[in-house]
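One structure is given below, encoded as structure tokens.
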Amino acid sequence: MKEVKINISSVGFPSQFSSDAEKATDEFGLQIGQAIQYEWFRKDSNGCRYYSQWRDFNRLRLYARGEQSIAKYKNELAVDGDLSYLNLTGRLFLFYQNL
């Protein structure tokens with residue numbers, strides 16, 4: 001995945017107790033948008049929130065479709081790292097299709 005550089009300045013949300021006239025201005029809406037952008041795209045020790053959630057949802061979507069890697073299941077079935085006695089096709093079977 002291509003590394004995207006986004007310049008994010010630290011911006012907090014404006015006060016909820018602002019008047020309705022102030023909330024109707026474009027500047028107030030821009031402050032809200034910048035605060036949301038900062039919350040979702042700031043870099044911390046684990047990366048940014050948007051891309052980490054994207055990876056999690058993608059992993060779960062693959063699992064739901066039965067397309068996840070079976071390496072972890074092979075490792076659990078291995079005896080001292082030896083898989084020669086297993087006849088694994090490398091494909092997970094979807095049991096709900098047989099019902």
Among what's in the range 3-48 and is among the hydrophobic types (A, V, I, L, M, F, W, C) and in a loop (DSSP other than H, G, I, E, B), pick the residue that is modelled with the lowest pLDDT. I6
What pairs come out if I take residues in the range 27-39 that are aliphatic (A, V, I, L, M) and pair them with residues that are surrounded by 14 or more Cβ atoms within 10 Å (Cβ to Cβ) whose C-beta lies under 7 Å away, six or more apart or interchain? I32/P14; A35/V11
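Within the range 49-71, track down each residue that is acidic (D, E) and not in a helix (DSSP H, G or I).
As a first pass, look at the range 49-71 and keep what is acidic (D, E): 56, 67.
Residue satisfying the conditions is E67 alone.
The values are calculated or read from the model by the stated rules, or taken from the named source; none is laboratory data. Predicted model only: the values in this text are computed from it and were never measured. Neighbour counts run over all protein chains shown; Cβ positions are idealised from the backbone, glycine included.
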